[in-house]
């Protein structure tokens, strides 16, 4: 089972950069998308249901903002849009597709980089998402949560960690929360399980400022976080950088578990 996660920074923009031509060659079973920045009326048939895939989406109410999606090679048994909190769900940040005992989730946690107000929103979402994570973990289902968590967990997860300790995405409180998700609740960071010592190769996002991409001054903020049994079947993982479809790069993980 191959799962790809990618923040598109606009589905229409990514389409114009060849995303769907690339996708057709990937043999992915599931593709989790974040920040589609579109509503249903903006979506072409290719965007809604690429060849061989069923598409599911949770759009933000605000035009040109946020939104998540999942492409699947087989139809979902059930699709859950949102977390049940009106303010979070209005921003289109959570989509869960169920296939038998497997749940695949596309997640887009808020960024707090634009100011204190949005950082407060981010902390609020994290606080309310934590018990949901706990419930998912206790459900007995196999779960993988793919997406842009907007948190670099460890020093190895970003180039300039020393200079970013007071910046959103690498705040001590954010990193501690992420650590609790992994260590206290028992979720597994699948990329880190396979590449515990990776540094420069692990980055999935680069600022558009300066020459961040050219100099590989990146951050690892895109993850596939899974239940232990599912994570234990992961065979290989890589960050695809040969083409650019957005300011993020696709995270590709192959699991031995069938789909």
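The table for this structure:
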item	result
Residue within segment 161-172 that is in a helix (DSSP H, G or I), at pLDDT 95 or above and in contact with a helix residue (DSSP H, G or I) (Cβ under 8 Å, 6 or more places away or on another chain) present	no
Selection status of residue 180, part of a strand (DSSP E or B) and either free of Cβ contacts under 8 Å to residues at least 60 places away in the same chain or surrounded by fewer than 16 Cβ atoms within 10 Å (Cβ to Cβ) (or both)	no
Any hit, segment 42-54, residues being in contact with a helix residue (DSSP H, G or I) (Cβ under 8 Å, 6 or more places away or on another chain), surrounded by fewer than 20 Cβ atoms within 10 Å (Cβ to Cβ) and within 23 Å of residue 125 (Cα to Cα)	no
Filter pass, residue 20 being modelled with pLDDT of 95 or more, closer than 20 Å to residue 77 by Cβ and surrounded by 13 or more Cβ atoms within 10 Å (Cβ to Cβ)	no
Single residue of 69, 55 found to be under 15 Å from the mean Cα position of the chain (by Cα) and modelled with pLDDT of 95 or more	69
Filtered residues of segment 105-117 (kept if touching a residue at least 12 places away in the same chain (Cβ under 8 Å) and either in contact with a helix residue (DSSP H, G or I) (Cβ under 7 Å, 6 or more places away or on another chain) or over 19 Å from residue 80 (Cα atoms) (or both))	109, 110, 111, 112, 113
Residue check, residue 66 surrounded by 13 or more Cβ atoms within 10 Å (Cβ to Cβ) and closer than 26 Å to residue 142 by Cα	no
Output for segment 139-160, where each listed residue is in a loop (DSSP other than H, G, I, E, B) and either touching a residue at least 60 places away in the same chain (Cβ under 8 Å) or within 19 Å of residue 5 (Cα to Cα) (or both)	141, 149, 150, 151, 152, 153, 159
Of all residues making up segment 40-86, the number that are over 22 Å from residue 25 (Cβ atoms), free of Cβ contacts under 8 Å to residues at least 24 places away in the same chain, out of contact with any strand residue (DSSP E or B) (no Cβ under 9 Å at 6 or more places or on another chain) and in a helix (DSSP H, G or I)	2
Filtered residue count, segment 196-222, keeping only those that are touching a strand residue (DSSP E or B) at 6+ places or on another chain (Cβ under 8 Å) and buried (at least 16 other Cβ atoms within 10 Å of the Cβ)	13
Looking only at segment 193-207, and only at residues there that are part of a helix (DSSP H, G or I) and over 11 Å from residue 238 (Cα atoms), the one that is nearest to the chain's Cα centre (by Cα)	193
Residue selected from segment 4-17 under the condition touching a residue at least 40 places away in the same chain (Cβ under 8 Å) and touching a helix residue (DSSP H, G or I) at 6+ places or on another chain (Cβ under 7 Å), by the criterion surrounded by the most Cβ atoms within 10 Å (Cβ to Cβ)	8
Any chance residue 91 is surrounded by 15 or more Cβ atoms within 10 Å (Cβ to Cβ), in contact (Cβ under 8 Å) with a residue 12 or more places away in the chain and in a loop (DSSP other than H, G, I, E, B)	yes
Tally, over segment 211-225, of residues that are in contact (Cβ under 8 Å) with a residue 60 or more places away in the chain and over 12 Å from the mean Cα position of the chain (by Cα)	2
Filtered residue count, segment 165-177, keeping only those that are free of Cβ contacts under 8 Å to residues at least 12 places away in the same chain and either farther than 21 Å from residue 212 by Cα or touching a strand residue (DSSP E or B) at 6+ places or on another chain (Cβ under 9 Å) (or both)	2
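The values are calculated or read from the model by the stated rules, or taken from the named source; none is laboratory data. Remember, it's a predicted structure, so these values are computed and weren't measured experimentally. Here the Cβ is made from the backbone with ideal geometry for all residues, glycine too, and neighbour counts use every protein chain on show.
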